[in-house]
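The values are calculated or read from the model by the stated rules, or taken from the named source; none is laboratory data. What you are looking at is a predicted structure, and each value in this text was computed from that prediction instead of being measured. We place every Cβ from the backbone using ideal geometry, glycine too, and count neighbours over all the protein chains shown. We work out accessible area using only protein heavy atoms, side chains counted, and drop any ligands, DNA or RNA first. Shrake-Rupley method; radii C 1.70, N 1.55, O 1.52, S 1.80 Å.
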Amino acid sequence: MPELPEVEVTRLSFADRIRDARILAARPGLPLRWPLGCAPEQLEDRTVQDVRRRGKYLLLHLDQGVLLLHLGMSGSLSFDAAPAAPGRHDHFDLVTTHGTLRLHDPRRFGAVVWSASLQLDPARKLLASLGMEPLGERFDPAAFHAGLRGRRAPIKQVLLAGDVVVGVGNIYASEALFQAGIRPTVRADRLSRARADRLHAAVRQVLARAVERGGSTLRDFSSATGESGHFQLEAAVYGRAGQPCLQCATPVRLIRQGQRSTYFCPRCQRA
Ligand SMILES: [Zn+2]
């Protein structure tokens, strides 16, 4: 599943090139998770002013309205000046004067949704429950610690829930907790300010590093992919059950939390 760093790398891969492009045609394929919300012809002659991101949504700001793109479980975007004919799993083409933005999505949990503004539905509804942006300025240690107040669930699950901070997926939650030396099962509201500060810093570092590495992995930005393999190469605990911890050589443990796999070092993450 494309995680926040992949989505951000995807954004970086085409944002500059599509800026100021005029839309020539919008060509939906098979139905995606949600309907487009306007007639495809309505997008013609609109100009793409900017590409931003909120959580795992890419926001194409047009001169009239916003196009929200979500990669779902298996989506990826490409931006190509001369694309081939759409394949079986290509379900949306946005043809512009600068190239074609194409959504490839075998499982079709992705979405392309038009909204008149971010303050109005459907955008308002889709973005309403998102927590702070982990790489944004509002996500500071005090706000993070305050967000954990009253949350009795294990810290790993509170991170995954996304309503305190968005985009900390399963891999990144395990890695950040390891880096901060915090046991994934500890109750979120039991974290002291000092430990919350460490976790805050770890979350930012883990995600920023993944964006950096993803960006350098995409040799040329003509096509972005959501392949998560690029982002897992340096995992310290994730996917390493039974293997020695890189810091203390204790075997990494695997447990289940809310149907998800959690990896941690029982020695480095004692409490
Ligand atoms: Zn260890």
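The table for this structure:
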read-out	value
Rough spin-label spacing in nm, given labels placed 7 Å along Cα→Cβ, for residue 22 and residue 267	6.6
Within the chain, longest stretch free of exposed chymotrypsin sites (Phe, Trp or Tyr not before Pro) [DSSP loop, at most 16 other beta carbons within 10 Å]	110-220
For region 1-100: rounded, prolate or oblate by the Cα gyration tensor [a/c cutoff 1.5]	rounded
Length-normalised contact order of region 57-165 in % [C-alpha pairs under 8 Å, at least 6 apart]	23
Cα gyration tensor shape for region 1-56, rounded if a/c is under 1.5, else prolate or oblate	oblate
Amide N proximity, region 99-115 versus residue 74 label position 7 Å along Cα-to-Cβ, cut-off under 13 Å	104-110
Helix-derived mean residue ellipticity, 222 nm - over the chain, DSSP H n ≥ 4, -39500 (n - 2.57), to 500	-8000 deg cm²/dmol
GluC sites (Glu not before Pro) restricted to region 1-93 and DSSP loop, no more than 13 other C-beta within 10 Å	44
Gained length - residue 128 relative to residue 205, 0.36 nm times residue gap less alpha-carbon distance	25.1 nm
Of all DSSP beta bridges in region 77-165, antiparallel share, percent nearest 5	90
Segment residue 212-residue 97, length gained on full extension (0.36 nm per residue, minus Cα span)	38.5 nm
Residue list for region 102-128, given a label point 7 angstrom along the Cα-to-Cβ vector of residue 63 and an amide N cut-off under 13 Å	none
Distance from region 232-264 to region 83-113 (C-alpha centre basis), Å	36
Within the accessible area of region 1-110 (1.4 Å probe), percent carbon and sulfur	49
